[in-house]
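The values are calculated or read from the model by the stated rules, or taken from the named source; none is laboratory data. Since we're looking at a predicted model, the values are computed, not measured. In this analysis, Cβ positions are derived from the backbone assuming ideal geometry, glycine residues included, and neighbour counts consider all displayed protein chains. Note: areas computed on protein heavy atoms with side chains; ligands, DNA, RNA excluded. Shrake-Rupley method; radii C 1.70, N 1.55, O 1.52, S 1.80 Å.
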Amino acid sequence: MASLPTDFFHPVSGMEMPRFAGLPTFMRLPHVTVSDPIIDQVQLGLVGVPWDAGTTNRPGPRHGPRQLRDLSTMIRAGNPVTGINPFSMINCADLGDVAPNPVDIIDCMERISAFYADLKSRDIFALTVGGDHLVSLPVLRGLASGAPVGLIQFDSHTDLFDSYFGGNKYTHGTPFRRAIEEGLVDPKRMVQIGIRGTAYNTEDVEWGQAQGVRIIRIEEFFDRGVSDVMREVREIVGDQPTYCTYDIDFVDPAFAPGTGTPEVGGPNSFQALQVVRELAGVQLVGADLVEVSPPFDTNGNTAWLGASILFEMLCVSAGAISRR
């Protein structure tokens, strides 16, 4: 195989190709498929999972990966706050989308899990763009099948319900109950930040707390502040393998209206970035951003915020990879 240019895994600069031109990929990175021989040189892959069959009310996140690719062309290479240029630290690529089965939940989850198990076998760190929050369950099945991982969840909902509509176990409100039951997540190393909103009942919260999940409601988040809360988060997960999942509805809908189940009274867009920066030092083994719903994002601001959060996740992930 011919040697690659030294800048092959770097984003295309807006000084070379205007941001409105060219084929959109995540952050203008090269598109590499798992069948491409150079896949073995990829250290971090951004993956789209365009699937929202777990949605129970307002569908649309299946279109999230495509819109986030488009809006992420605005991302530049350097992080002026943390001083990190992730593309100079590790080899990054857009690995395309997992091909979903939009009419069969079980088959689709099996496809997703197999895709991520393959990435794990190749030692490729996966940064995922959903899709609704059910996406996280098959991703965890692929990445955490050997031993349970810690979990950091930014969200306005616990997603710890047992079932919906007469016993359906697989919706975007159930993935982390299944993940705990299946031994994919260690509940004593799991923390949820930003929980709020009206509720049908308290069964999800009570079940989670009984398993040892630390649930930080939005009132506590604001009372204590970002730095203090995130200090506790790092203490809970410790120095063991940890997955991070970020539901865009963690953010107040004034800043991120394009999502299926918005809840008022959440963090602003600056705090949305701050919490991710505070993950520096965590032994991340994967991360996802989910529930961006283009049909409810008419001006694209939610997707732009999502792309910005994704870049912050990429920066902390690059640090985790470089420490291996």
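Before moving on, here are some points about what is shown:
- Taking the protein heavy atoms of segment 26-323 in the context of the full set of protein chains, the accessible area attributed to carbon and sulfur is 51 percent at 1.4 Å.
- Over segment 158-271, accessible surface divided per residue gives 42 Å², non-protein components excluded, 1.4 Å probe.
- Accessible surface ranking that places the most exposed of TRP207, TRP304, TRP51 first, with a 1.4 angstrom probe: TRP304, TRP207, TRP51
- Cα-based shape type of segment 95-245, given that a ≥ b ≥ c are square roots of the gyration tensor eigenvalues and the cut on a/c is 1.5: oblate
- Here's the picture: charge each Lys and Arg Cβ at +1 and each Asp and Glu Cβ at -1 in segment 74-130, and of SER113, THR82, VAL103 the one pushed furthest to the positive end of that dipole is THR82.
- Taking the centroid of alpha carbons for each part, segment 285-316 and segment 186-256 are 19 Å apart.
- Distance in nm between pseudo-label sites at ALA147 and SER13 (7 Å out along the Cβ direction from Cα): 4.4
- Approximate spin-label separation ALA117-PHE222, in nm, with each point projected 7 Å along Cα-to-Cβ: 4.5
- Considering only ALA320, LEU184, PRO59, the residue lying farthest towards the positive end of the dipole of the chain is ALA320, judged by Cα position with unit charges set on Cβ.
- Antiparallel DSSP beta bridges within the chain, as percent of all bridges there, nearest 5: 5
- Segment THR202-SER3, extension gain: residue separation times 0.36 nm, minus the distance between their alpha carbons: 65.9 nm
- Here's the picture: charge each Lys and Arg Cβ at +1 and each Asp and Glu Cβ at -1 in the chain, and of TYR246, GLY266, ALA287 the one pushed furthest to the positive end of that dipole is ALA287.
- For segment 85-146 and segment 1-77, distance of Cα centres in Å: 14
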